[in-house]
1. Could you point to the label whose value was computed as semi-axes √(5λ) of the Cα gyration tensor in Å for the structure here, given [x] 26, 17, 10; [y] 25, 20, 14; [z] 22, 21, 13?
2. Which value, in Å², gives the accessible area per residue of region 47-109 when a 1.4 Å probe is used on the protein heavy atoms?
3. Can you list the residues, at least 5 places off or on another chain, whose amide H is less than 5 Å from the amide H of I48, using H built in the peptide plane?
4. So if each residue of separation counts as 0.36 nm, and I subtract the Cα-Cα distance between S33 and C18, what length gain in nm does that give?
5. For a test of understanding, tell me how many lysine pairs in the chain have Cα atoms under 15 Å apart, given they are 8 or more places apart or on different chains.
6. Run the accessible area of the chain with a 1.4 Å probe and give the carbon-and-sulfur part as a rounded percent.
Amino acid sequence: MDLRGRQKEAIDPSRSVCVVAGAGTGKTHILISKYIDLLERGYNSSDILALTFTRKAASEMKERVEAALDLRVSESPSRWRHIRDEFIWADISTFHSFCSKVLHEFPIE
């Protein structure tokens, strides 16, 4: 499968995906595209789990999604303002912090 085919596969909203590629290959771009696409399809940011390996990557991803949402708010405020405001609850984090949160919330399970 060529690169475009793999990118389409990664963005497909009916699938959960793990994107693995070298530095500078566009992983973050693809994940942000998928995230925004899910929001456009009516999912709430609280319904979406986005995980990465480093805090730097998680922070960068969150900043880029915020920037994409800000752009959409400026183009269509009535549709995107609420989505942008709800983004504060977005779960974009590292695998480690997500697992730690789960262990704290469900220590016995």
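1. [z]
2. Per residue, region 47-109 has an accessible area of 74 Å².
3. D91
4. Contour length minus Cα-Cα distance gives 4.0 nm.
5. Final tally of qualifying lysine pairs is 5.
6. So the carbon and sulfur contribution to the accessible surface is 55 percent.
The values are calculated or read from the model by the stated rules, or taken from the named source; none is laboratory data. Note that the coordinates shown come from a computational prediction; the quantities given were computed from them, not determined experimentally. Ligands, DNA and RNA are excluded from the accessible area calculation, which covers all protein heavy atoms including side chains. Shrake-Rupley method; radii C 1.70, N 1.55, O 1.52, S 1.80 Å.
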